[in-house]
Every structure is written in structure tokens, then in C-alpha cells.
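This report refers to the structure that appears directly beneath it.
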Amino acid sequence: PATNKAHPRVLKLDKAGNWVPATDPLHFDKPKIAGVGPGSGFGPVIAEASPEVTIGLIPAAVGGTPLSRWVKGGDLYERAVKLAKENQKKGVIKGAIWHQGEGDSSKPELYNSYQKRLAGMIADLRTDLGEPEMPFVMGELGEFFTREGAPTVNQALHGITKEVPATAVASSKGLPAKSDQVHFNADSEREFGKRYAAQMLKLQKQASEK
């Protein structure tokens, strides 16, 4: 279930473009069915690691979408960049978290090209935001997700960490699904968010030591 408890230093950008307490659901792409996402576990961990700052989460996710809409020129890429740029005037983009791939795991031409296409998207995003070393953390597809290309998508994520600097993967190991066997359940999403946060903090620490 969603929770209305918000960390006092974690805000989210709402649909109207206002910064409000980061209660669930963080996302507004499907308001009738949206529940808990990884941001619920992610934000508080990041905030506790940086007690002097307020964390702002910019929700850009749209469920059930293919990578083709997220690469440069795609509608969701352009929307996400616009949201981020508007808020760079008020703060600093410290990283991005990514969970997608289910929609690209049914056709060989999509999952076999996933690594190259996502690596290109990361490069374009960093360029367009003027953040060439922006940490980018990707989350594995759930172990319960058995579509034929799912293992290839997960392999692609790990492949990217070997070729693209300042990237990491949050493990989905042991995280159960809802009854639909497609989405993580609420407890899994919160734990997944904590795993994203651990990887993000690791990347940020590495950057600060350069």
C-alpha cells in the first residue's frame, strides 16, 4: 500500500510543477493505478546521507513504455529533459535512476540492441543537461519477469557499467512481485529504492574522490 508519510527533506515535483512532500504515489503517469515506486525507498536514504540538503525527486516515469520513446527525439526523452532543465534553475541534478526494459524484452531486435541504445541515451542525456558525469543507476528487471528477452536486458545493464562511466546496477534479487507477476509489490519497491540509493551514493562518493 502507498503511504502518506514523507521524509521532511524529500520533496517531489507534482503534475502542476510544484515542489511538495514526497508522498506515494510519486508518479502521476497513471493516477488511478499508481502506487509505490522505488523513489519511496530511494529519497529518504539519500537525504539521510546528506543531512544538510533537501532532496528533490523529479518523477518522469511512464509505465509500460518502450525505450524508443526514451531515446533522444522520443517524446518521453524530450519531456524528461524539459522537466530537468526547468528545475536546474532551482537546484543541481545529482543523478538519475532508471527502470525500464519489460517493453523491449519480447522482440529480439529490441532486446539485442538494448545495450547500445540505452548507452546512447545516457550519453545524450548527460550532454543535454550539461552534466557529463551525472551518476546513472539502472535497476534489473524482476526475477519473476520471464519474457524471453528479460535476461538479455539485464545483461545489457551490467554491460553498460563496463563501458559507460558513472553507471551502476541495482539488483532485483529476491524481490517478489504483485500477483500480476509483472510489477514489484510495495515492499519490494521500497527495498529496491534502497538498493538504488546505495548504488547512487557509491557513484557520488567515487565522483567526489576524483
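The values are calculated or read from the model by the stated rules, or taken from the named source; none is laboratory data. Because the structure is a prediction, the values reported are computed rather than measured. FYI the Cβ positions are ideal-geometry reconstructions off the backbone, even for glycines, and counts take in every protein chain you see.
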Q.
I'd like to check something: does segment 49-72 contain any residue that is over 27 Å from residue 121 (Cα atoms), surrounded by 14 or more Cβ atoms within 10 Å (Cβ to Cβ) and at pLDDT 95 or above?
A. yes
Q: Within segment 167-182, track down each residue that is crowded, with 20+ Cβ neighbours inside 10 Å and farther than 16 Å from residue 42 by Cα.
A: 167
Q) For residue 147, which of the numbered conditions (1) among the basic types (Lys, Arg); (2) part of a helix (DSSP H, G or I); (3) within 19 Å of residue 115 (Cα to Cα); (4) in contact (Cβ under 8 Å) with a residue 12 or more places away in the chain fails to hold? A) (2)
Q) Can we say residue 93 is within 20 Å of residue 204 (Cα to Cα), in a loop (DSSP other than H, G, I, E, B) and not basic (Lys, Arg)? A) yes
Q. Looking at (1) more than 16 Å from residue 97 (Cβ to Cβ); (2) out of contact with any strand residue (DSSP E or B) (no Cβ under 9 Å at 6 or more places or on another chain); (3) not in a helix (DSSP H, G or I), which is the only condition residue 159 fails?
A. (3)
Q.
Please verify whether residue 197 is surrounded by 15 or more Cβ atoms within 10 Å (Cβ to Cβ) and touching a Phe, Trp or Tyr at 6+ places or on another chain (Cβ under 8 Å), treating the condition exactly as stated.
A. yes
Q: Within segment 38-54, track down each residue that is of a type in the set (Gly, Ala, Ser) and farther than 17 Å from residue 208 by Cβ.
A: 39, 40, 41, 43, 47
Q. Within segment 162-200, can you find the residues that are within 23 Å of residue 115 (Cβ to Cβ), in a loop (DSSP other than H, G, I, E, B), of a type outside the set (Lys, Arg) and free of Cβ contacts under 8 Å to residues at least 40 places away in the same chain?
A. 165, 171, 172, 175
(Q) Among the residues in segment 4-25, are any at pLDDT below 90, closer than 30 Å to residue 149 by Cα and either under 15 Å from the mean Cα position of the chain (by Cα) or assigned to a loop (DSSP other than H, G, I, E, B) (or both)? (A) yes
Q. Within segment 66-75, can one find any residue that is in a helix (DSSP H, G or I), closer than 27 Å to residue 40 by Cα, acidic (Asp, Glu) and in contact (Cβ under 8 Å) with a residue 12 or more places away in the chain?
A. no
Q: Sort out which residues of segment 112-142 are in a helix (DSSP H, G or I), within 14 Å of residue 157 (Cβ to Cβ) and of a type outside the set (S, T, N, Q), and write them in order of number.
A: 114, 116, 117, 118, 119, 121, 122
